[in-house]
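A short worksheet on the structure shown next.
The values are calculated or read from the model by the stated rules, or taken from the named source; none is laboratory data. Remember, it's a predicted structure, so these values are computed and weren't measured experimentally. In this analysis, Cβ positions are derived from the backbone assuming ideal geometry, glycine residues included, and neighbour counts consider all displayed protein chains. Surface accessibility is based on the protein's heavy atoms, side chains included, excluding ligands, DNA and RNA. Shrake-Rupley method; radii C 1.70, N 1.55, O 1.52, S 1.80 Å.
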Amino acid sequence: MSVGHKRATLQDVATAAHVSTGTASHALNDSAVVSKETRTRVLEAAQRLNYIPNRNAARLLHGRNDCIGVACPDIGPSIAKSVFYAMVLRGIAETLEEHGYSMRLLHLDMGTPDPGLATGHQQPNAKDIDGLIAFGWLDPALMGRLRRLELPLVVVDSSGAYPDLSSADNDDRGGVALGVDYLIGLGHSNIAFLGDSLDSPFGREALAGYLRTFAQHGLHFEPWLIRTGQITVDEGRRLAIDLLTTDRLPTAILAATDDLAVGALLALQDAGLRVPDDVSLVGMGDIPLATQVRPALTTVRIDICALGRQASGMLLQAL
């Protein structure tokens with residue numbers, strides 16, 4: 001439509017298609033109450049008139065903001081972990097954009113005695129957003145706050161911590177099992193494990209995958225081979241150094257995340273050990289950092305963006 005021409009209205013489309021404005025609205029919103037023939041006639045009229053829906057009016061009519069809140073925990077200084085969540089966010093943003101929704105990032109303040117949502121001076125509510133996607137396993141008080149907002153809620157990367165909620169999760173147990181199985185296939189049985197704290201569902205799921213694979217192969221694991229801590233490159237380095245100061249040396253290391261694996265790689269190199277010649281090493285995640293180190297990290301691939309796409313798809317379905 002050229003500049004200066006009047007913008008086509010819903011009434012114009014209805015008149016051109018010989019239907020009421022209500023029928024035209026139903027047809028343009030793909031409602032089941034309209035026949036296929038009527039819908040086709042309305043869509044052809046809308047295309048002919050170059051009709052552009054007034055999204056603001058639609059929001060008022062349906063009581064929606066077309067905005068989704070994404071609640072992210074305080075992920076701290078870990079670059080690798082930030083990249084993981086950034087890739088999940090990318091999948092969320094792409095899916096929401098495809099469906100005409102915007103995204104509002106809500107920072108979850110985990111460092112206070114009373115954890116809460118920090119978004120400047122405003123607390124989100126149903127007037128601001130239509131639904132919520134929450135990352136990871138959250139402090140019970142914080143999750144309680146999210147639930148009390150009484151909005152559709154989907155969790156992502158929570159390792160199955162909330163069975164009553166829709167959730168998009170990686171198979172953490174199965175992923176670690178794949179990595180351990182790969183190392184056993186190379187002839188290793190003295191395999192160390194670096195994982196998240198056992199206080200977290202992810203830490204417990206990852207360790208369960210490690211132990212299950214040993215049992216399936218009829219192998220006995222040694223407790224000294226297990227190290228857990230925070231998910232950072234520095235922590236991976238510290239845990240690996242701790243392993244190397246024992247009287248025995250593992251022939252392989254399985255790290256539950258790539259950042260832990262990169263930290264272990266640095267510790268092994270500092271000790272003059274070659275990977276994989278002296279010690280084999282496998283991570284999990286396939287974040288960009290895995291290909292930037294030398295040697296490039298062997299890792300169990302997670303389609304991280306797909307976690308975000310799945311979570312947003314679940315929420316849109318709920319809406």
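Kindly provide the set of residues from the stretch 243-261 that are surrounded by 15 or more Cβ atoms within 10 Å (Cβ to Cβ) and not small (Gly, Ala, Ser), ordered by number. Quick ask: steps written out before the conclusion?
Of all residues in the stretch 243-261, those surrounded by 15 or more Cβ atoms within 10 Å (Cβ to Cβ) come to 243-244, 250-261.
The answer is LEU243, LEU244, PRO250, THR251, ILE253, LEU254, THR257, ASP258, ASP259, LEU260.
If you go through the stretch 222-248 and pick out every residue that is in contact with a helix residue (DSSP H, G or I) (Cβ under 8 Å, 6 or more places away or on another chain), closer than 20 Å to SER189 by Cα and part of a loop (DSSP other than H, G, I, E, B), you end up with 2. Scoring ASP109 on the criteria (1) touching a strand residue (DSSP E or B) at 6+ places or on another chain (Cβ under 6 Å); (2) modelled with pLDDT of 80 or more leaves a single failure, condition (2).
In this structure, does LEU315 turn out to be open to solvent by less than 50 Å² (accessible area, probe 1.4 Å) and within 30 Å of GLU150 (Cα to Cα)? It would help to see each step written out before you state the result.
Values: open to solvent by less than 50 Å² (accessible area, probe 1.4 Å): yes; within 30 Å of GLU150 (Cα to Cα): yes.
In short, yes.
Put simply, of ARG237, ARG309 the only residue that is within 29 Å of GLU98 (Cβ to Cβ), touching a Gly at 6+ places or on another chain (Cβ under 8 Å), of a type outside the set (A, V, I, L, M) and open to solvent by 50 Å² or more (accessible area, probe 1.4 Å) is ARG309. Can you name the condition, by its number, that ARG274 falls short on among (1) farther than 24 Å from ASP172 by Cα; (2) touching a strand residue (DSSP E or B) at 6+ places or on another chain (Cβ under 7 Å)? Looking at each condition in turn, ARG274 falls short on (2). Taking the criterion of being aliphatic (A, V, I, L, M), under 20 Å from VAL88 (Cα atoms) and at pLDDT below 85, the only residue of the stretch 129-145 that qualifies is LEU138.
Here's the yes/no breakdown for (1) under 22 Å from TYR85 (Cα atoms); (2) more than 21 Å from the chain's Cα centre (by Cα); (3) surrounded by 19 or more Cβ atoms within 10 Å (Cβ to Cβ):
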| site | (1), (2), (3) |
| --- | --- |
| LEU268 | no, yes, yes |
| LEU273 | no, yes, no |
| ASP278 | no, yes, no |
| GLY285 | yes, no, yes |
| LEU289 | yes, no, yes |
| VAL293 | yes, yes, no |
| THR299 | yes, no, yes |
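Of all residues in the stretch 178-208, those satisfying the criterion of being out of contact with any Pro (no Cβ under 9 Å at 6 or more places or on another chain), open to solvent by less than 10 Å² (accessible area, probe 1.4 Å) and of a type in the set (A, V, I, L, M) are VAL180, LEU183, LEU194, ALA206. Of the residues making up the stretch 209-221, those that are open to solvent by less than 70 Å² (accessible area, probe 1.4 Å) and farther than 15 Å from HIS188 by Cα number 1. Entry remark, the stretch 265-282: residues being of a type in the set (Gly, Ala, Ser) and in contact (Cβ under 8 Å) with a residue 40 or more places away in the chain number 1 in total.
Residue count for the stretch 11-46 satisfying the condition of being closer than 24 Å to HIS99 by Cβ, open to solvent by 90 Å² or more (accessible area, probe 1.4 Å) and part of a loop (DSSP other than H, G, I, E, B): 4. Elements of the type strands (runs of 3 or more DSSP E) sitting completely within the stretch 126-189 and holding at least 2 residues that are of a type in the set (Gly, Ala, Ser) and farther than 30 Å from HIS220 by Cα: these cover 131-135, 166-168. Restricting attention to the stretch 261-305, the residues that are assigned to a helix (DSSP H, G or I) and either at positive phi or modelled with pLDDT of 95 or more (or both) total 10.
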